[in-house]
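Report on the following structure.
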Amino acid sequence: MPVVQKATILVVEDDPEVRNLIVTTLDANGYRRLVATTGRAAIAAAATDSPDIVLLDLGLPDIDGVEVVHAIRSWSQMPIIVVSARAEDQDKIRTLDAGADDYLTKPFSVGELLARIRTTLRRLGYQRPDGAQEQSQVFVNGDLRIDYAAGVVTLGGEELHLTPIEYKLLCLLSRNVGKVLTHQYILDQIWGDASYAGSDQGREGGAPKGDLASLRVYMGMLRKKIEKDTAHPRYIQTHVGVGYRMISVDPNAAAGPDPRS
Ligand code: CA
């Protein structure tokens, strides 16, 4: 396997059985890993060892997972994948709002774990390390191309005609490719906090207020324009009850493993 540089993963998990499963999986797949069993130890390890990815269990013995995310986000954009039990769904959404990138729900399979790590590492290919996000002028993902400066979107070379809100949605998703964006986050970014105030003043052309129902409508219209098969979306994933994510389409999918991973 042409591994250029082994990714280091910080495993934060207090349950020995789950921890062993994760550690064994990472070892078997050539990743380097560090282990922390409390939230405070996780924050310390994230600071001193600069892992490439943090795999963060939400049910920790000392502090809230949201606190861990806030602490790490105060100095770093390192990817954080939250691991939570089904009962912790609300906590999962809170950590995503706090800046976590992705999530895994327990019980998860080894295959799911590895897929999430690969997705995250691929996303890093779009970003500089240490969170210095490259705000490049052109975004390319498979057949999709966005020229941010010109405001032009093409799919397979054909220009797409998007409404202003569809374009904003697409830009938001593409700037966060690989990352799960919660409904709340998207609503805040697209329509702003004013969308909840019940006032149409200052809204562009009396555009509909931002609520979940209209977000779904706009997302549906956007998908019709960018997805060849909306039943099997290639670019935008739905995370039921959570939000949406743009997937980075692997340009080398047919040509072997991604050299960056
Ligand atoms: Ca736990």
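The values are calculated or read from the model by the stated rules, or taken from the named source; none is laboratory data. These figures come from a predicted structure and were not determined experimentally. Using ideal geometry, Cβ is built from the backbone for each residue, glycine included, and neighbour counts are taken over all protein chains shown.
General remarks:
- For Thr182, the test of being farther than 21 Å from Arg33 by Cα, buried (at least 16 other Cβ atoms within 10 Å of the Cβ) and either of a type in the set (Ser, Thr, Tyr) or at pLDDT below 95 (or both) is passed.
- In region 22-42, the residues that are within 13 Å of the ligand (Cβ to nearest atom) and within 17 Å of Ser109 (Cβ to Cβ): Ile22
- Single unsatisfied condition, His70 versus (1) more than 16 Å from the ligand (Cβ to nearest atom); (2) surrounded by fewer than 16 Cβ atoms within 10 Å (Cβ to Cβ); (3) farther than 22 Å from Val242 by Cβ: (3)
- Residue pairs whose Cβ atoms lie under 8 Å apart, separated by 6 or more positions or on different chains, with the first residue in region 131-157 and among the basic types (Lys, Arg) and the second surrounded by 13 or more Cβ atoms within 10 Å (Cβ to Cβ) and at pLDDT 95 or above, are Arg145/Val153; Arg145/Thr154; Arg145/Leu155.
- Counting the residues of region 233-249 that are modelled with pLDDT under 90 and surrounded by fewer than 17 Cβ atoms within 10 Å (Cβ to Cβ) gives 1.
- In region 106-131, residue modelled with the highest pLDDT [restricted to those that are among the charged types (D, E, K, R) and within 16 Å of Ser76 (Cβ to Cβ)]: Arg123
- Residue check, Glu134 in a loop (DSSP other than H, G, I, E, B), surrounded by fewer than 20 Cβ atoms within 10 Å (Cβ to Cβ) and either modelled with pLDDT of 95 or more or acidic (Asp, Glu) (or both): yes
- Among the residues making up region 43-65, those that are surrounded by fewer than 19 Cβ atoms within 10 Å (Cβ to Cβ) and either of a type in the set (Asp, Glu) or within 16 Å of the ligand (Cβ to nearest atom) (or both) are Asp49, Gly59, Pro61, Asp62, Ile63, Asp64.
- Leading residue by the ranking (surrounded by the most Cβ atoms within 10 Å (Cβ to Cβ)) among those in region 158-174 that are touching a residue at least 12 places away in the same chain (Cβ under 8 Å) and of a type in the set (D, E, K, R): Glu166
- Each residue in region 75-111 was checked for being closer than 17 Å to His183 by Cβ and surrounded by fewer than 23 Cβ atoms within 10 Å (Cβ to Cβ), and 8 pass.
- Restricting attention to region 24-41 and to residues that are more than 15 Å from Ile81 (Cα to Cα) and in contact with a strand residue (DSSP E or B) (Cβ under 9 Å, 6 or more places away or on another chain), the residue that is surrounded by the most Cβ atoms within 10 Å (Cβ to Cβ) turns out to be Tyr31.
- Condition broken by Leu56, with the remaining ones in (1) in contact with a helix residue (DSSP H, G or I) (Cβ under 8 Å, 6 or more places away or on another chain); (2) touching a residue at least 60 places away in the same chain (Cβ under 8 Å); (3) not polar (S, T, N, Q) satisfied: (2)
- Restricting region 78-112 to residues that are within 17 Å of Glu13 (Cβ to Cβ) and part of a helix (DSSP H, G or I) leaves a set whose member that is farthest from the chain's Cα centre (by Cα) is Ala87.
- Of the residues making up region 63-77, just one is among the acidic types (Asp, Glu) and either part of a helix (DSSP H, G or I) or touching a Cys at 6+ places or on another chain (Cβ under 6 Å) (or both), namely Glu67.
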